[in-house]
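J.: The following block contains the structure, expressed as structure tokens.
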Amino acid sequence: MKKSLLLIFALFTVFVLEGVAQQNSKERLPLKHGAHRIGKRTDTEMQRWREYGLGQFIHWGVYAIPGGQWKGKTTTYAAEWFRSSGLITKEEYDNLYKEFNPTDFDAKQWAKQAKQMGAKYMIFTTKHHDGFCMWPSKYTDYTIANTPYRNDIVKEIVDAYTAEGIDVYLYFSIIDWSHPGYQGGKGITNDDRKMWINYDPFNNKEEKDRYETFKEFTRNQLIELLTNYPAAKGLWFDGSWDGAWMKEAAWVDKLGEELRNMHPGLIIGSRFRADELGKRHVDANGDLIDDYDQRFERNLPNTLAEVGGNDWDCVMTVPENQWGYHRDWSLTYVKTAYDLIEMTVKANALDGNFVINFGPDGKGSIRSEETKIAKEVGEWMAVNGSAVYGTHHSVLDKQDWGYSTQKEDNIYLSVFNKPMNNLVRVKVPKSKDKDMIFVIEKAEFLSLKKSASVQNGGRDKTGSLYYDIVIPKEIQKTDKPFVIKIKLKEVNKGDKEAYQQALT
Ligand code: JFZ
């Protein structure tokens, strides 16, 4: 009797599990070129990436010469898109390289400044949409080798930053307006998978053949970059929304594999390839393609839920949407160092990295506004960087005074809205054990290096336990954000002394 019951139970279990499996496989599409991994990478290279916290982006190319202005006219368009601004003819633009001679360029100086800012990695535009190569590519004449400057700028950058201990990532635009095989923008925006599968971006065979030469050119250049600059840690792709590129899911996927094989540990973001159904960043099953999410460009998430458990970066311009050098920064709001510090902390509190963009001018100088920002961010990071580097979201809920990050059992409270009463009210989590509560065991202001006093424990309207940390005189006057490092301890409610202390 017992045995037959067991058998029935076993059969029933198998039946139920089978049903669940079938349901899951029905929901999931059998993609060949979607995500090749579910969840985060766990290797040391990616762990290193995750801990950077803060990075620097540099957009530099021949567009820095006009700097958004031509023949007395100024564009409000992104300066690095100047070729299509309407203010310059294509011919004029495509001859600018003959004047590219950045005599003020000093890669070591740039790297020093980035290090002083606190950047742990940097992304450099090796080739933007215009197709101009900052390295002497064998596969085109449109490169730095044919300018009066001649020297290999990518090499100078990779060497100088690597020597400062800053990891380098190579920005590479799939869009290339200089290549005859590139066909530009032939996408459809349709969610119908059948339409996408049947869609052909080309009008005739000749176009299709020309695109083959472009694919080969792109592959050659990427292999060339990884061969010439093996110190680079990854590739930061752009322009992959191009319709013809998106139709090459299988080919691009294979190329990615080839690049990864030649460069173990290589890091590639979600803006490289689409799946075979034309889905970018996340595939048709909703899984992130490649190593980290690049969709938060100039647009930070607000909640951990939006991040979906993935690694991600947010790259940010200082003015609104100007990446390359633009002479006139009076056209839009220009972020302050403290805006950027707040974004850096916010990104890290939500498990991402934050990257601040710089656009040096045509001579190779970093503008004074950017130098000032680098200095101010750096001064703050030198004191408070432990709230950023290697941290992730903390066990605390989001609270009005700012953001909290955590590394091991250290919790960092970055206060951006200083409370008027000079008490930082910290709501602590509820213990899983109903007999236990959290108390703040230790609190320290990073800029003072001395412990802070914690007082007035109590419960708010929702029943959550809180403590108030007293802002000392030295900090009461500051107009800058500051960080309090705390440690929590779980104590038994019956531990009268501790509990009393928590509630007085
Ligand atoms: C692209 C480039 O067109 C731009 O010049 C710059 O290099 C930037 C970093 O990348 O611009 C984008 C790309 C993607 C989005 C927005 C602007 N996006 O996904 O929202």
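Each value in this text was obtained by applying a stated rule to the coordinates, not by laboratory testing. Fair warning: this is a prediction, and the values are worked out from it, not measured in the lab. Cβ coordinates were reconstructed from backbone atoms using ideal geometry, including for glycine residues, and neighbour counts include every protein chain displayed.
J.: Hey, with R₀ at 30 Å, roughly what FRET efficiency would Glu306 and Lys32 work out to, going by the Cβ-Cβ distance, to 0.05?
T.: That gives a FRET efficiency of 0.60.
J.: Using all Cα-Cα distances in segment 392-502, what percent lands in each 5 angstrom bin from 0 up to the longest?
T.: 2, 12, 23, 26, 20, 11, 5, 1, 0
J.: To continue, here is another question. Just flag the trypsin sites (Lys or Arg not before Pro) in segment 83-138 sitting in loop per DSSP whose Cβ has no more than 15 other Cβ atoms within 10 Å.
T.: Lys138
J.: Only counting other Cβ atoms within 10 Å, I'd like Phe354, Phe105 sorted with the fewest neighbours first.
T.: Fewest-to-most Cβ neighbours within 10 Å comes out as Phe105, Phe354.
J.: Output the 0 to 90 degree angle, nearest 10, between the alpha-carbon long axis of helix 107-117 and the longest principal axis computed from the alpha carbons of the chain.
T.: Approximately 20 degrees, to the nearest 10.
J.: Over segment 392-502, what relative contact order in percent results from Cα pairs under 8 Å that are six or more residues apart?
T.: 31
J.: Here's a follow-up. Tally Lys and Arg at +1 and Asp and Glu at -1 over the other residues with C-beta under 14 Å from the C-beta of Ala337: what net charge comes out?
T.: -3
J.: Once the piece of chain linking Asn299 and Ser368 is laid out straight, how much longer is it, given 0.36 nm per residue of separation minus the C-alpha distance between them?
T.: That pair, Asn299 and Ser368, stretches by 22.3 nm at full extension.
J.: Considering Cα pairs under 8 angstrom that are at least six residues apart, work out the relative contact order of the chain and quote it in whole percent.
T.: 16
J.: With a 10 Å radius around each residue's Cβ, average the other Cβ atoms per peptide and rank 29-37, 268-276, highest first.
T.: Highest-to-lowest ranking by the protection proxy: 268-276, 29-37.
J.: At 0.36 nm per residue, and after removing the present C-alpha to C-alpha distance, how many nm does the segment from Ser447 to Lys40 gain when stretched out fully?
T.: Net length gain for the segment: 143.1 nm.
J.: Right, something else. Round to the nearest 10 and give me the degree value, 0 to 90, for the angle of helix 337-349's Cα axis relative to the longest principal axis of the chain.
T.: Once rounded, the angle reads 70 degrees.
J.: Roughly how tilted is helix 368-384, in degrees to the nearest 10 and between 0 and 90, from the longest Cα axis of the chain?
T.: Between helix and principal axis, roughly 30 degrees.
J.: Run through segment 397-504 and list the GluC sites (Glu not before Pro) located in a DSSP loop whose Cβ has at most 11 other Cβ atoms within 10 Å.
T.: Glu408
J.: Another question, then. Take the residue pairs Lys90/Lys115; Lys112/Lys138; Lys120/Lys477; Lys71/Lys375; Lys372/Lys442; Lys194/Lys254 and return only those whose Cα atoms are more than 28 Å apart.
T.: Lys90/Lys115; Lys112/Lys138; Lys120/Lys477; Lys71/Lys375; Lys372/Lys442
J.: So if R0 is 51 Å, what FRET efficiency would Thr89 and Asp435 give, r being the distance between their Cβ atoms, rounded to the nearest 0.05?
T.: Once rounded, the FRET efficiency stands at 0.10.
J.: If you don't mind, another one. List the residues, sorted by chain then number, that are 5 or more residues from Lys493 or on another chain and whose placed amide H is less than 5 Å from its amide H.
T.: Residues meeting the amide H criterion: Met436, Ile437.
J.: Only residues of segment 392-419 count here: report those whose backbone N is under 20 Å from the spot 7 Å along Cα→Cβ of Lys461, or say none.
T.: Counting backbone N atoms under 20 Å from the label point, the list is 397-402, 419.
J.: On full extension of the chain, what length is gained from Arg193 through Lys98, given 0.36 nm per residue of separation minus the C-alpha to C-alpha distance?
T.: Full-extension gain reported as 29.6 nm.
J.: Excluding Asn357 itself, calculate the net charge of residues whose Cβ lies under 13 Å from the Cβ of Asn357, where each Lys or Arg counts +1 and each Asp or Glu counts -1.
T.: Every neighbour counted, the sum reads -4.
J.: If I take R0 = 60 Å and measure r between the Cβ atoms of Lys477 and Asn220 in this structure, what FRET efficiency does the formula 1/(1 + (r/R0)^6) give, to the nearest 0.05?
T.: Between Lys477 and Asn220 the formula returns 0.50.
J.: Between segment 423-474 and segment 187-266, how far is it from one alpha carbon centroid to the other, in angstrom?
T.: Their Cα centres are 52 Å away from one another.
J.: Right, another one. From the phi of every residue in segment 207-223, what ³J(HN,Hα) in whole Hz does the Karplus formula 6.51 cos²θ - 1.76 cosθ + 1.60 yield, where θ is phi - 60° and glycine or proline is x?
T.: So the Karplus estimates, Gly and Pro as x, are 4, 4, 5, 4, 5, 4, 5, 5, 4, 5, 4, 4, 4, 4, 5, 5, 5 Hz.
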